[in-house]
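One structure is given here, and the rest of the page talks about it.
The values are calculated or read from the model by the stated rules, or taken from the named source; none is laboratory data. Bear in mind the structure is a predicted one, so any value in this text is a computation, not a measurement. Glycine also receives a Cβ, built like all others from the backbone with ideal geometry; neighbour counts cover every protein chain displayed.
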Amino acid sequence: METNNKVLNSWINDMAKMCNPDDIVWIRGTEEEKVKFEKEAFATGELFQLDQEKLPGCVLHRTAINDVARTENLTFICTSKKEDAGPTNNWMSPSEGYSKAGEFFKNSMSGRTMYVIPFSMGPVGSPFSKIGVELTDSIYVVLNMKIMTRTGDSILESLGESGDFTKCLHSKADLDINRRLILHFPEDTAIWSVGSGYGGNVLLGKKCLALRIASYLGRNEGWMAEHMLILGVEKPSGEINYVAAAFPSACGKTNLAMLVPPEGLKIKGYKVWTVGDDIAWMRIKEDGSLWAINPEAGFFGVAPGTNRKSNPNAVDTIQKNTIYTNVLLKNDGTVWWENGDGPVPEEGIDWTGQPWNPNMVGEDGKPKKGANPNSRFTAPAKQCPSISPYFEDPEGVPITALIFGGRRATVAPLVYQSFDWEHGVFVGSIMASEITAAQYGAQGVVRRDPMAMLPFCGYNMADYFRHWLEMGKKMKNAPKIFHVNWFKTDSEGNFLWPGYGDNLRVLEWIIDRSNEKVGAIKSPIGFLPDKKDLDLTGLELGSDVIEKLLSIDIAIWEKEAKDIREFYDKFGNKLPSELENELNNLIERLKK
Ligand code: GTP
Ligand code: SPV
Ligand code: MN
């Protein structure tokens with residue numbers, strides 16, 4: 001074995017006894033091993049090599065047809081007490097979890113290799129980083145983890161003889177949705193995932209460790225793990241304001257994180273820096289300010305909708321060393337997806353591996369998609385043209401503003417600011433959004449998704465709200481808290497706001513508000529912008545549209561308040577009284 005860490009060695013032995021692999025291979029973190037694994041995967045068909053002139057170092061992978069998104073219904077928090085998982089999580093006792101999943105893991109790796117991936121979430125050696133070790137029988141997982149995390153020998157050195165790590169066990173087993181479980185054991189810092197080969201279910205450093213386990217550790221240790229992007233907006237003076245924003249899955253984090261200023265604002269000379277696109281770990285420094293790091297090393301981004309116009313930085317990032325999952329394969333050995341670049345291909349191989357052309361109609365009577373709506377790219381963050389010079393900084397960046405946002409056709413205006421931290425926590429707790437293709441199940445239905453953490457909070461959500469309230473009390477000059485909605489529609493369902501680069505116009509207001517440089521209009525739900533304070537230069541938007549974007553409908557909000565009450569009722573007397581008060585205050589303000 002390659003380590004003298006006794007706990008690690010004996011755990012690997014135990015897991016190997018259960019899973020019964022033919023062979024055990026350690027991931028060293030080298031380029032050579034990558035080439036070797038790719039070669040093996042090309043031979044078995046697990047990966048397809050794309051045109052190496054046009055897309056050097058790029059490969060394509062297709063998952064099983066019923067394994068294209070996170071399966072939240074099969075995801076559990078396994079704590080000794082049910083109450084510790086709370087009303088919004090699926091719960092199983094640890095003993096039931098180990099025994100049920102244990103059945104599926106039994107001999108699941110026979111005839112296969114078990115790969116041992118030592119990885120770090122956060123820069124190696126940073127006091128804020130967390131080490132994990134993932135055991136997996138999937139080369140696809142190994143290659144993704146090599147991009148999404150820091151892997152290899154340096155992690156084992158950092159772990160030493162007695163260091164702590166999260167035990168992450170994964171097996172594809174037979175990829176049977178009826179024998180699939182994604183289990184978290186926060187009390188043992190362990191994760192068991194079996195029966196899936198899809199990103200969020202199997203790249204265990206990401207949602208499982210960096211959000212579910214980390215949120216639990218963060219509560220105990222006094223920090224925060226959030227489903228947030230981190231970006232910096234630099235002014236020509238050199239001053240940079242960093243914001244962190246929580247939007248639910250497939251609601252615009254990657255796009256906002258890589259924003260390119262729109263034509264009309266170019267003259268102002270802003271430069272946007274990407275620190276992270278999905279996860280933020282935040283701590284309070286000695287001076288009381290809030291600092292954030294991105295624990296990941298790559299992007300696992302949504303492909304559909306990504307094009308030169310919507311997200312040029314992402315397009316540049318994914319030209320090399322990228323793993324494409326469930327996209328359309330073109331005849332020329334490159335890839336395509338709906339609302340991607342270039343003309344719609346006349347034919348190709350769709351994400352299920354079948355011949356495809358744009359005239360095909362799916363079972364639902366709609367045009368058949370070439371790429372799965374949740375198809376993804378995995379690419380190294382360092383390849384992003386806008387990657388921040390502080391991306392690897394172990395201290396991270398100071399946060400000026402926190403932003404919550406959802407995908408809502410109605411109700412939520414383009415932007416509003418909370419009255420204070422406590423009200424801001426309320427605003428985060430009542431977030432709601434339409435369900436997207438990033439999770440398995442009904443699409444488009446609006447659900448409450450507090451802080452975009454509904455699927456990712458590793459403990460009781462009421463305690464999570466309490467943690468947010470307590471963190472605010474410990475900060476000096478706590479970041480201001482905002483809510484945005486890029487997805488308000490007209491009566492025909494067309495987006496009212498152009499979104500993407502134009503979102504900088506809203507960020508500008510958010511940053512100016514945070515630095516007390518601009519006024520606002522007080523409304524029952526929070527501070528709204530005076531429309532003269534939004535710089536809309538170069539944007540052809542009717543004043544009635546801006547009106548609609550910035551207005552709130554009292555009747556709709558009264559209905560919303562009732563729905564929030566129903567949601568809050570789930571938490572019983574565990575709901576912090578501060579939030580109860582905030583809801584009552586909202587109802588009172590709406591009456592006036
Ligand atoms: P996860 O990786 O699932 O956590 O998603 P994400 O929050 O990073 O979402 P992403 O930025 O990948 O966007 C998801 C989808 O929303 C893509 O199809 C985008 O094209 C679309 N989108 C992103 N930003 C905007 C926007 O400002 N306006 C509109 N209308 N669509 C957007
Ligand atoms: C999300 O669903 O929020 C993602 C993609 O970021 S996955 O890693 O698959 O969960
Ligand atoms: Mn995400």
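Annotations
- Residue within the stretch 472-495 that is within 16 Å of ligand 3 (Cβ to nearest atom) and part of a helix (DSSP H, G or I) present: no
- Checking ALA561 against (1) touching a strand residue (DSSP E or B) at 6+ places or on another chain (Cβ under 8 Å); (2) on the phi < 0 side of the Ramachandran plot, the condition it does not meet: (1)
- Filter pass, GLU234 being more than 11 Å from ligand 3 (Cβ to nearest atom), closer than 26 Å to MET471 by Cα and surrounded by fewer than 19 Cβ atoms within 10 Å (Cβ to Cβ): no
- Number of residues in the stretch 202-231 that are aromatic (Phe, Trp, Tyr) and within 16 Å of ligand 3 (Cβ to nearest atom): the value is 0.
- Of the residues making up the stretch 538-588, those that are loosely packed, with under 14 Cβ neighbours inside 10 Å and of a type in the set (D, E, K, R) are GLU540, ASP544, GLU547, ASP553, LYS559, LYS562, ARG565, GLU566, ASP569, GLU588.
Residue-wise test of (1) under 25 Å from ASN294 (Cβ atoms); (2) free of Cβ contacts under 8 Å to residues at least 60 places away in the same chain.
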| residue | (1), (2) |
| --- | --- |
| PHE104 | no, no |
| SER138 | yes, no |
| MET148 | yes, no |
| GLY152 | yes, no |
| SER158 | yes, yes |
| LEU175 | no, no |
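- Residues being under 18 Å from VAL415 (Cα atoms), assigned to a loop (DSSP other than H, G, I, E, B) and either free of Cβ contacts under 8 Å to residues at least 12 places away in the same chain or not β-branched (Val, Ile, Thr) (or both) - total across the stretch 537-562: 5
- Search result, residues across the stretch 1-38 that are loosely packed, with under 12 Cβ neighbours inside 10 Å and charged (D, E, K, R): LYS6, LYS17, ASP22, ASP23, GLU31, GLU32
- From PRO373, PRO343, residue being under 26 Å from ARG70 (Cα atoms) and part of a loop (DSSP other than H, G, I, E, B): PRO373
- Subset of the stretch 277-296 (residues that are more than 13 Å from ILE399 (Cα to Cα) and within 15 Å of ligand 1 (Cβ to nearest atom)): ASP277, ASP278, ILE279, PRO295, GLU296
- Filtered residues of the stretch 70-100 (kept if in a strand (DSSP E or B) and under 28 Å from PRO380 (Cβ atoms)): ARG70, THR75
- Contact map, the stretch 212-227: first residue more than 18 Å from ALA244 (Cβ to Cβ), second residue small (Gly, Ala, Ser) and buried (at least 24 other Cβ atoms within 10 Å of the Cβ), Cβ cut-off under 7 Å, separation 6 or more or different chains; pairs are ARG212/GLY458; ILE213/GLY458; TYR216/GLY458.
- Identification of strands (runs of 3 or more DSSP E) wholly contained in the stretch 246-303 with 3 or more residues that are on the phi < 0 side of the Ramachandran plot and away from ligand 3 (no atom under 13 Å from the Cβ) yields 271-276, 280-284, 290-293.
- The lone exception for ALA190 - which of (1) away from ligand 3 (no atom under 16 Å from the Cβ); (2) touching a Leu at 6+ places or on another chain (Cβ under 6 Å); (3) hydrophobic (A, V, I, L, M, F, W, C) it fails: (2)
- Look at the stretch 240-268: where a residue is more than 17 Å from MET451 (Cβ to Cβ) and hydroxyl-bearing (Ser, Thr, Tyr) and a partner is part of a loop (DSSP other than H, G, I, E, B) and at pLDDT 95 or above, sitting 6+ places away or on another chain with Cβ atoms under 7 Å, you get THR254/ASP277.
- Once the stretch 50-81 is narrowed to residues that are crowded, with 22+ Cβ neighbours inside 10 Å and hydroxyl-bearing (Ser, Thr, Tyr), the residue that is farthest from ligand 2 (Cβ to nearest atom) is THR79.
Residues are listed down the side, and each one gets a yes or a no for (1) in a loop (DSSP other than H, G, I, E, B); (2) among the charged types (D, E, K, R); (3) under 16 Å from ASN321 (Cβ atoms):
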site: ASN13; (1), (2), (3): no, no, no
site: LYS34; (1), (2), (3): no, yes, yes
site: GLU40; (1), (2), (3): no, yes, no
site: LEU55; (1), (2), (3): yes, no, yes
site: VAL68; (1), (2), (3): yes, no, no
